[in-house]
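Presented below is the structure to which this report refers.
The values are calculated or read from the model by the stated rules, or taken from the named source; none is laboratory data. From a predicted model like this one, the values you see are computed outputs, not experimental measurements. No Cβ is skipped: glycine too gets one built from the backbone with ideal geometry, and neighbour counts run over all protein chains shown.
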Amino acid sequence: LAVGGGANVEAESSAGALVRSTARLPQPFTVPLPIPPVLRPAGGGGADDRYEITQRAAEVEILPGLRTQVWGYNGIFPGPTIVSRSGRQTVVRHRNELPEPVVVHLHGGRTPAEHDGYPTDLIDPGGSFDYVYPLDQAAATLWYHDHRMQFTGPQVYKGLAGFHLVQDAQEDALPLPKGERDVPLMIVDRAFAEDGSMIYPDVHSDYISGVLGDVVLVNGAPWPLMEVDAARYRFRLLNASNARRYRLALDPAPPSGPAFVQVGSDLGLLSAPLPHDELQIASAERFDVIVDFSQYPVGQEVTMVNRLGDGGSANVMRFKVARRAADDSSIPARLVEVRPLSPSDAVVERTFTFQRGSVQHEGMPMWTVNGQAFTPDTIAADPALGTVERWRLHALNVYHPIHIHLAPFQVLEPSPYATGWKDTVDLASGDQVEVLLRFEGYRGKYVFHCHNLEHEDMMMMANFQVR
Ligand code: C2O
Ligand code: CU
């Protein structure tokens, strides 16, 4: 069983086509890191927390001196961050003022099927929909993004993505960095034309198996700079790129400890911290990590680099250790209770193979799951509510980050990066990974798919129906 970690640069480049910018690009590490604003609830009190978001086009300055049109939640990219309490129902009214249909998925949310953003449950231009999120789940870094069938890639690329954090009392009680030292970082790659517009190729006619840009944006800014205290920070790393995976490291590496101490995974905190010198992060994965800048002298510049990248994709952002500062945070040896699932819990085993298929659409080979291109009415699995299943995921041709809606899973060892509760697992070509999934919460039809958004749009997606 070959699992994870076996990826290399070649596997990355074969999972996409690099689009080169023709715009004048800034010097890296000159633009300050933006922090997406936290969204205020709309109106008042009651049993639910209510929010309103208008999806609209807007002109923003991403590259200094140039205007870029984005499609943004409230007209900004990334969208505003929503912060919810575990177990407190959150209702988000999305209004669509864009020229195309949209649908919103709360990635990592345990959400009733009608509110999960099924790829054909569209909000038409001029329409609106109230998404109801019970959020009966542990503290975690979730994110929301567009999920329109066949158009997720271009619509997310234009800017339809934001953070949705869930907090709970267990997390509150831990001495991890908080407040301004708890920072979400959304990493994407984009390419820009001379006039500042984003370049998204015609993937349907050019048969591009993944769009890779040559500019890395963090929270919407190109290769930004963040001034930090000589203290511990918690970074919620999200790879919201369409197709690029990164292997993140710090340059220079800290003199003594590891670069990153991982405290959380896609769906919440780990049972114990896990040190990494490098972190490989595929599309849609989240790593919740602590970086201790007190290991560096004041004045030190520390670059977060991407060891899988070259040119513009080799750098991500830079930190500058600006000053000494008090720090009462720490990383406890035990974080939260994570009950490990055991293979003997599984009542059903299934195998899904993700590969370029023989199925054609307008002369192009589609990406398939078990040889099938996605259709809304074929059910690939029918798990029973309340059970655990064991799924073997098998990737062919290129790497595929596989995301399963609704059901949190644990990855069977060995797997260097995939610990804790996950909703997305990265597979190199040829990998077989086995996961134990817990079907809890709701009955209904949900999707699972490759989170390379171009593969997803080219039908590498399937349905399961919880009965
Ligand atoms: Cu992040 Cu089905 O998606
Ligand atoms: Cu894929």
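So how many residues does the range 208-241 have that are assigned to a loop (DSSP other than H, G, I, E, B) and in contact (Cβ under 8 Å) with a residue 60 or more places away in the chain?
So the answer is 10.
Of all residues in the range 201-239, count the ones that are more than 16 Å from ligand 2 (Cβ to nearest atom), modelled with pLDDT under 95 and aromatic (Phe, Trp, Tyr).
Total meeting the criteria: 0.
Go through 60, 70, 83 for me and flag whichever is at pLDDT 95 or above, of a type in the set (Val, Ile, Thr), buried (at least 19 other Cβ atoms within 10 Å of the Cβ) and under 23 Å from the mean Cα position of the chain (by Cα).
The unique qualifying residue is 70.
Scan the range 386-398 and give yes if some residue there is crowded, with 18+ Cβ neighbours inside 10 Å, among the aromatic types (Phe, Trp, Tyr) and more than 23 Å from residue 116 (Cα to Cα), otherwise no.
No, every residue in the range 386-398 fails to be crowded, with 18+ Cβ neighbours inside 10 Å, among the aromatic types (Phe, Trp, Tyr) and more than 23 Å from residue 116 (Cα to Cα).
Does residue 244 satisfy the criteria of being outside any strand (DSSP E or B) and either aromatic (Phe, Trp, Tyr) or within 22 Å of residue 62 (Cα to Cα) (or both)?
yes
Here is a yes/no grid of residues against (1) under 27 Å from residue 452 (Cβ atoms); (2) in contact with a strand residue (DSSP E or B) (Cβ under 7 Å, 6 or more places away or on another chain); (3) touching a residue at least 60 places away in the same chain (Cβ under 8 Å); (4) within 16 Å of ligand 1 (Cβ to nearest atom):
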site	(1), (2), (3), (4)
86	no, yes, yes, no
95	no, yes, no, no
100	yes, no, no, no
105	yes, yes, yes, yes
117	yes, yes, no, yes
133	yes, yes, no, yes
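Checking residue 375 against (1) surrounded by 14 or more Cβ atoms within 10 Å (Cβ to Cβ); (2) more than 19 Å from residue 427 (Cα to Cα); (3) not hydrophobic (A, V, I, L, M, F, W, C), which test does it fail?
Failing condition for residue 375: (1).
Taking residue 385, is it of a type outside the set (Phe, Trp, Tyr), within 16 Å of ligand 2 (Cβ to nearest atom) and at pLDDT 95 or above?
When the stated conditions are applied, residue 385 does not pass them.
When you look at residue 298, is it β-branched (Val, Ile, Thr), away from ligand 2 (no atom under 16 Å from the Cβ) and closer than 24 Å to residue 161 by Cβ, yes or no?
In short, no.
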